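Contents: one structure, followed by commentary.
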Amino acid sequence: MHNFTPVASLFGGILIGLSAAMLMLLNGRIAGISGIVAGAIRPERGEWEWRIAFIAGLVAAGAIARMVAPAWLAIGITRSSATFLIAGLLVGVGTRLGSGCTSGHGVCGLSRGSIRSLAATATFMAAGVVTVFIANHLFGAQP
Amino acid sequence: MKRMLSAFGCGLLFGAGLVIGGMTQPSKVVGFLDFFGNWDASLAFVMGGALAVNAIAYRFVLRRAHPVLAEEFAIPRRSEIDSRLIGGAMLFGVGWGLAGYCPGPAVTSLLSGHSAAPIFMAGMIAGMFGYSLAAEHLAGALVARPQPGVSFVPQNTDV
C-alpha cells in the first residue's frame, strides 16, 4: 500500500462532514453534488442561486489549492481525453438515473440511515472496483 | 443573499475537505478502488470521517422545526430500491472507476490547469442534459399513450 494518507484523509472527511451538516442546518439542503450540478444547469425558481454559490465555493477551493499545493490536484493516472469524456457521460447519466453520487448517497444518505443510499453506495463501490480491476489488471491501464 | 453566502461557505469547506482528503487526485481514487491490486485505503478514512461527523450532526439538526435560513428541510422520503437506482449506481460506478473522478472532485478540479476535469465535466453535463431530455420525452410518450402496468415518472428529487 503506497501513498497511504490516513490522517489527511480523515481530516478531509471531517471537513466534508462539517460542510454537509452546515448546509443542512443553515439551508436545509442535502450536500449532494450531482443533484446540485443538475439543479444548477436546469434552473428551478428559488433553488438555483444557492446551488451556483455552492459550486462557486467548490471551484474556489480548487483554485486556492492550485496556488498552495498543486500536487493535491494531480491526475496521477494515464487516461485518454476520450476516456475522461465517456466516464463523465456515464457519471452524468448514472447519477441522474440513480438519484445521487458519492456525496448524496455515500455521505448524506448513509448519515440519515437511508436504505436506498446504502444499496446505491454498495452498488457504485462494487462497480468501481470491478471497472478498475478490468482496466488495470485485464487491459493493463497505467495505474 | 444569506442563503447564497452560506452555500458558498459550505462549498468552500466541502472543496477543502475533498482536496485535503485526496479525492481530487484520480490516482488515489483508482488506488482505493484497486481492491485486488495495490490497494490504497485512504479514501475509506475520508468517508469514515465525513459519515461520523455528519451522522451525529444530522441527529441534532433534523430535530429543529426548520433550518436557520429556510422554511423547511428538503429530505428525500423514498425508500424503494428499484432498477433505476441500481442501474444508475452501476453506470456511475463504472464512470468513477474509469476516470477516478466523481462529481464533487471534478467540479473542484475545474481550474486545476489540467484538461481532464473540464473534459469530464463536459461529458457529465451532457449526460445529465441527455438524461433529463430523454426522461421528459419518455414521460410525454407514455402520458399520450398510456400502457397498462407501465409507469414512468421523471424524478427531480435527489437521493
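Springs between Cα atoms under 10 Å define the GNM used for chain A, and in it the highest mean-square fluctuation of A:83, A:95, A:123 occurs at A:83.
What net charge do the residues around residue B:96 carry, taking every other residue with its C-beta under 14 Å from that of residue B:96, with Lys and Arg at +1 and Asp and Glu at -1? Charge balance in the 14 Å sphere: +1.
The angle between the Cα long axis of helix A:81-97 and the longest principal axis of the Cα atoms of chain A comes to about 40 degrees, rounded to the nearest 10. For a modelled paramagnetic label at residue B:35, 7 Å from Cα along Cα-to-Cβ, the residues of segment A:109-143 in reach, with backbone nitrogen under 13 Å, are A:121-134.
Pairwise inverse Cα distances across chain A, averaged and inverted, put the Kirkwood hydrodynamic radius at 17.2 Å. Restricting the GluC sites (Glu not before Pro) of segment B:51-138 to loop positions (DSSP other than H, G, I, E, B) with no more than 13 neighbouring Cβ atoms within 10 Å leaves B:71, B:72, B:80. Could you point to the residue in A:132, A:37, B:73 farthest towards the positive end of the protein assembly as shown's charge dipole, with +1 and -1 charges on the Cβ of Lys/Arg and Asp/Glu respectively? It is B:73. Farthest toward the positive end of the dipole of chain A, out of A:57, A:78, A:91, is the Cα of A:91, where the dipole comes from beta carbon charges about the Cα centre. Set the Förster distance to 41 Å, then compute FRET efficiency between residue B:66 and residue B:132 from the Cβ-Cβ distance, nearest 0.05. Efficiency at R0 = 41 Å is approximately 0.90. Give the angle, between 0 and 90 degrees and rounded to the nearest 10, that separates the Cα long axis of helix A:48-68 from the longest principal axis of the Cα atoms of chain A. For A:48-68 against chain A, the angle is about 40 degrees.
Placing +1 on each Lys and Arg Cβ and -1 on each Asp and Glu Cβ, with no other charges, gives the protein assembly as shown a dipole about its Cα centre of roughly 400 debye.
No lab work stands behind these numbers, since they all come straight from the coordinates. Keep in mind that this is a model prediction, so the values were computed, not measured. Positions of Cβ are generated from backbone atoms using ideal geometry, with glycine treated the same way; all protein chains shown enter the neighbour counts.
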